[in-house]
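The structure appears below as structure tokens.
Derivation of every value follows stated rules applied to the coordinates shown; laboratory data play no part. A quick note: this is a predicted structure, and the numbers were derived from the prediction, not measured.
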Amino acid sequence: MRLQKNTSLALYSVIEFAAAPDRHIPAAEIAEKYGVSPHHLAKVLSELARSGIVESVRGVGGGYRFTGNARRLTLLDVIQLFEDFAAPSAERREQGDLTPVGAALGGVLAEIDEHAKAILGSISISTMLRLSAAAAASDAQVPVQRLQVGGQ
């Protein structure tokens with residue numbers, strides 16, 4: 001699954017803020033760490049603040065602070081703020097979608113989307129904090145372990 005840049009920035013930011021929930025982290029700090037413009041990141045953080053996941057504090061010592069519940073908030077909760085999981089409307093469908101092959105392929109892709117949503121909905125921010133800490137401890141740039149999904 002490929003996420004939009006705003007979605008990735010939102011996930012990075014939420015996890016960074018949740019790792020230090022008592023600290024107000026300046027947007028510039030996150031922007032520098034992830035190599036993005038502070039202006040672009042501010043738009044993402046504004047959406048996170050509107051949703052109640054983070055709070056914004058202006059002035060000296062200000063920044064953003066995580067206000068969500070890391071055990072209950074999932075990756076899907078954050079992703080759905082920025083991604084559209086709705087099926088394409090009739091106006092957005094292509095002619096091929098109306099053929100038997102298109103219908104079959106559409107069914108398979110819809111099922112894949114449902115599996116992805118189920119997995120993303122099962123991974124909490126606290127789980128991501130543990131995975132991030134393990135990655136930092138092993139000084140790895142790749143995922144430390146593969147999540148076990150469905151007892152595999």
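Some observations on this one:
- P(r) weight above 22 Å for the chain, C-alpha pairs, percent: 49 percent
- Principal semi-axes of the equivalent ellipsoid, √(5λ) from the alpha carbon gyration tensor of region 39-112, are 39, 15, 7 Å from largest down.
- Proximal lysines to Lys33, defined as alpha-carbon separation beneath 22 angstrom and excluding residues fewer than eight positions away on the same chain: Lys5, Lys43
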